[in-house]
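Data block below; observations after.
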Amino acid sequence: MKILRSLAIIGVVAAMAVSATGAYFTSTATINGNTFSTGVLEIRVNGQPSITGATFSPMAPDQVASSPEYHINNYGPRWFSGPSTLAAKKLTLSVINPNDFGSGLWDQVMIKVEVNRGWPTWQEVYNGKINGLSNVDLLSPRWTELAPGESEMMRYHIWLPNIAGDQNALMGKTLTWDFAIEGRTN
């Protein structure tokens, strides 16, 4: 019994010693109002989310038609009032929704796409068949990004080459398509 009492007294003294070594002064600092949010990337053409494309008059083989210049905008501050806050690190152009109404033009029509940001010369980014225009980088090789509030001009030239065989099979035919311009942050 004396052993148990001795152990109890030792335990009480040890507990008092531990609590007696606590600090007399304390201080606390806080980091308040932490917030996480995501940025916005909004690409527009001529300030609009969608515009009507070019319509070319009927052409003969080897005649070349040119589109108007389109301004591809990263629609944010400095020059635009839009919500874009992120730079487009990749800006791709693709043909979508092609419809050649059974004409065969989809496999024959050629297109050359060029971009510019006010330079004396235009930068060619694609030159080939329209059916191969997919994910063409409008920033490469001259630029690395399209910052918020900045624009890049794009235009294209289109033609039907003079091909061997029966040209008459392509006479009076129509090809329609849309362009999709996608901005990405990576």
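Read the figures in this text as sums done on the coordinates, not as results from a lab. The model shown is predicted, which means the values in this text are computed figures rather than measured ones. Virtual Cβ from ideal backbone geometry, glycine too; neighbours counted across all protein chains shown.
May I ask you to list pairs of residues, at least six apart or on different chains, whose Cβ atoms are under 9 Å apart, with the first in segment 120-143 being touching a residue at least 12 places away in the same chain (Cβ under 8 Å) and the second being of a type in the set (A, V, I, L, M, F, W, C) and in a helix (DSSP H, G or I)?
Every condition considered, the pairs that remain are Lys129/Trp106; Ile130/Leu105; Ile130/Trp106; Asn131/Trp106.
Considering every residue within segment 96-106, establish whether at least one is in contact with an Asp or Glu (Cβ under 7 Å, 6 or more places away or on another chain) and in a loop (DSSP other than H, G, I, E, B). Spell out the reasoning first.
The first filter runs over segment 96-106 and keeps only residues in contact with an Asp or Glu (Cβ under 7 Å, 6 or more places away or on another chain), leaving 96-97, 106.
Checking the rest, the ones that are also in a loop (DSSP other than H, G, I, E, B) come to none.
No, segment 96-106 contains no residue that is in contact with an Asp or Glu (Cβ under 7 Å, 6 or more places away or on another chain) and in a loop (DSSP other than H, G, I, E, B).
Out of the residues in segment 39-76 that are outside any strand (DSSP E or B) and of a type in the set (A, V, I, L, M), which is nearest to Arg155 (Cα to Cα)? Before the answer, list the steps.
Here is the first cut: in segment 39-76, the residues outside any strand (DSSP E or B) are 39-42, 46-47, 49-63, 67-69, 75-76.
Then drop every residue that is not of a type in the set (A, V, I, L, M), which leaves 40-41, 51, 54, 59-60.
Values: Val40: 26, Leu41: 23, Ile51: 14, Ala54: 11, Met59: 19, Ala60: 21 Å.
Only one residue tops the list, namely Ala54.
Would you check which residues across segment 118-133 are farther than 26 Å from Thr174 by Cα and surrounded by 13 or more Cβ atoms within 10 Å (Cβ to Cβ) and list them?
Once the filter is applied, which keeps residues that are farther than 26 Å from Thr174 by Cα and surrounded by 13 or more Cβ atoms within 10 Å (Cβ to Cβ), segment 118-133 yields Trp122, Gln123.
Restricting attention to segment 23-47, report how many residues are under 32 Å from the mean Cα position of the chain (by Cα) and exposed (fewer than 12 other Cβ atoms within 10 Å of the Cβ). Let's see the steps before the verdict.
Initially, segment 23-47 is screened for residues under 32 Å from the mean Cα position of the chain (by Cα), giving 33-47.
With the extra rule that they be exposed (fewer than 12 other Cβ atoms within 10 Å of the Cβ), the set shrinks to 33-38.
Selection size over segment 23-47: 6.
Just give me the residues in segment 134-159 being crowded, with 19+ Cβ neighbours inside 10 Å and not in a strand (DSSP E or B), in sequence order.
Answer for segment 134-159, where residues must be crowded, with 19+ Cβ neighbours inside 10 Å and not in a strand (DSSP E or B): Leu138, Leu139, Pro148, Glu150.
Of these, Ser67, Ser50, which one is surrounded by 13 or more Cβ atoms within 10 Å (Cβ to Cβ) and either of a type in the set (Lys, Arg) or under 26 Å from Gly118 (Cα atoms) (or both)? Before you say what the answer is, go through the steps one by one.
Working: Ser50 fails: surrounded by 13 or more Cβ atoms within 10 Å (Cβ to Cβ).
Going through Ser67, Ser50 in turn, just one is surrounded by 13 or more Cβ atoms within 10 Å (Cβ to Cβ) and either of a type in the set (Lys, Arg) or under 26 Å from Gly118 (Cα atoms) (or both): Ser67.
So, in segment 72-119, how many residues would count as being among the charged types (D, E, K, R), touching a Phe, Trp or Tyr at 6+ places or on another chain (Cβ under 8 Å) and in contact (Cβ under 8 Å) with a residue 40 or more places away in the chain?
Restricting attention to segment 72-119, the residues satisfying the condition of being among the charged types (D, E, K, R) are 78, 89-90, 100, 107, 112, 114, 117.
Adding the requirement that they be touching a Phe, Trp or Tyr at 6+ places or on another chain (Cβ under 8 Å) leaves 100, 112, 114, 117.
This time we only want the ones that are in contact (Cβ under 8 Å) with a residue 40 or more places away in the chain, so: 100, 112, 114.
Of the residues in that region, 3 qualify.
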